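Every number in this text was worked out from the coordinates using simple rules, so none of it is lab data. Since the model is a prediction, treat every value here as computed from it, not as a measurement. Virtual Cβ from ideal backbone geometry, glycine too; neighbours counted across all protein chains shown.
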Amino acid sequence: MQSTERDKPLLRPQSDPGMTPAPSLKSKNSQFVEGYPLVRASRVLLLAWSLFLIAGFGLAFWLDPDPRGYGTHTRLGLPPCSLRILFGIPCPSCGGTTAFAHFVRGQWIAAVEANVAAFVLAVTCATMIPWCWYSAWRGRLWKVTDPSMALLSLLLVLAGVSAVQWLVWLIVPVAG
């Protein structure tokens, strides 16, 4: 019986007999070839992203942290937290801007007290700046072979920390 195009598996790439196999990522100089390869546009985007993060930290430094532990964002003309106004409970991001404002000043305990998830995000962003530069310089994402899984993992960790923190805030009401 003849095999038709429909019978071929969808996820398995078809090999071309004229193509040579891709070199293995594991070699004697594997520290230089590991990581997801980047094209020029990706390298530029990494550098632009790092500059955006630096600008965000600059904005956080420009803002004075609200002594209540939340509400710093209102100094940017943004409205206060709707959940706090309507229901008297903090939203998961309450204190996030305040946490960043404390973080850039090295007041890490105050940043954690304002919002644990925002502190974790601030640490991640601060770490990401040199990571972006190094990855752009190398032409490969450093220590990342699957960008989609890396991003998904990071988002799940941040969402998990935020959800746990919010549940704690709902069980043990915060001052303010």
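Structure notes:
- Residue-span extension gain [Trp108 to Val164] - 0.36 nm each, minus C-alpha spacing: 18.2 nm
- Using C-alpha pairs below 8 Å separated by at least 6 residues, the relative contact order for the stretch 38-171 is 29 percent.
- Rough spin-label spacing in nm, given labels placed 7 Å along Cα→Cβ, for Leu155 and Ile129: 2.5
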